[in-house]
1. What net charge is computed for the residues neighbouring G46, neighbours being all others with C-beta under 12 Å from the C-beta of G46, Lys and Arg scored +1, Asp and Glu -1?
2. Leaving out ligands and nucleic acids, and using a 1.4 Å probe, what accessible area per residue does the stretch 18-59 come to in Å²?
3. Roughly what would the spin-label model give for M38 and N54, points 7 Å off Cα along C-beta, in nm?
4. How many percent of Cα pairs in the chain exceed 15 Å?
5. Summing Lys, Arg as +1 and Asp, Glu as -1, what charge do residues with Cβ under 11 Å from the Cβ of M1 carry, M1 excluded?
Amino acid sequence: MFECPVCQATMEEEATQVTQCCGAEIGEDETTCPICGMEEPEVVEGELRLVCENCGYTE
């Protein structure tokens, strides 16, 4: 468990979703790659990041 440096609450691990074509982070409801514009790109799991659910701080 990691402590948030801003509010000292517990931070949670969250997997990012990235496009396979460019490695761009993409939201669940997006259908176009934000970098190359490919329509309906294949989405894969990216790196893990830490997110504080209390204050929203992200590492």
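1. Values: positive: R49; negative: E14, E25, E45, E47.
Within the 12 Å Cβ shell, the charges total -3.
2. Working: 3070 Å² over 42 residues.
Heavy-atom SASA per residue in the stretch 18-59 reads 73 Å².
3. Output for this residue pair reads 4.0 nm.
4. Numbers: 903 of 1711 pairs.
Everything past 15 Å amounts to 53 percent.
5. Working: positive: none; negative: E3, E12, E13.
Result for the neighbourhood of M1: -3.
The values are calculated or read from the model by the stated rules, or taken from the named source; none is laboratory data. All figures in this text were calculated on a predicted structure; none of them were measured in a lab. Cβ: placed from backbone, ideal geometry, glycine included. Neighbour counts: every protein chain shown. The area values use the complete protein model at the heavy-atom level, side chains included, leaving out ligands, DNA and RNA. Shrake-Rupley method; radii C 1.70, N 1.55, O 1.52, S 1.80 Å.
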